[in-house]
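Report on the structure given below.
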Amino acid sequence: IAIAAILVTAEFGWGGVQQALWQRIYQVPLEVSVFGERFSTTALVDTGNRLKDPIKGSPVIVVEHRVVRHLFPEHLEEVIGRMERGDYSEVSRLLTSSRWSSRFRVIPFTSLGKESGMLIGFRPDELAVFVEGQRVPVEGAVIGIHHGNLDPDRMYHALIHPEILHPVQEVIAGGRMERKTMVRNA
């Protein structure tokens with residue numbers, strides 16, 4: 001009984017350690033700004049995310065729609081909603097909508113269960129991630145809008161393309177960053 005109790009305690013304890021490490025290493029705060037509107041969310045560094053903007057080859061950060069929906073005017077929100085459901089008949093309306101026209105992207109993707117999908121995306125004014133509490137600007141990435149939840153446990157609401165943080169060169173001494181983190185310029 002004592003050995004079984006030790007094994008059960010060790011398993012649950014190790015699971016907690018793994019969870020804490022996973023959250024610290026792979027989850028990062030993300031801050032996005034567009035037209036003066038700013039929002040923050042928690043993002044997961046997703047090593048399986050290989051999405052690129054087909055126009056410039058910029059890496060794509062996938063963000064849940066509910067996190068960014070407040071950024072769009074009502075008429076654009078309707079068009080985006082239709083496109084998320086597979087109705088691409090109004091792509092031209094989306095791409096010719098005043099100040100948003102040069103920002104929107106249509107990003108083709110393939111995933112498990114979906115052979116040829118399309119993701120609506122946009123170029124933000126500003127992006128930043130926080131590494132060890134320090135704000136690190138990210139340039140050139142595109143925000144892709146995902147209709148559903150990315151995490152059933154709701155611990156993160158965005159997926160960061162690993163290329164954005166590669167190579168992250170940091171030396172941490174005494175809890176502070178000695179050298180500035182390098183982020184990819186796309």
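Grab the other residues whose beta carbon is less than 9 angstrom from that of ASP53, score K and R as +1, D and E as -1, and report the net.
+4
So how much slack lies between ARG38 and GLU115, counting 0.36 nm per residue of separation and subtracting their Cα-Cα distance, in nm?
The ARG38-GLU115 span can extend by a further 24.4 nm.
Starting from 0.36 nm per residue, how many nanometres of slack lie between PHE130 and ILE3 once their C-alpha separation is accounted for?
Between PHE130 and ILE3, full extension yields an extra 41.4 nm.
We did not get these values from a lab; they are worked out from the coordinates using the rules stated. Quick caveat, the model's predicted, so the values are computed rather than measured. With ideal geometry, Cβ positions are generated from the backbone for all residues, glycine too; neighbour counts draw on all protein chains shown.
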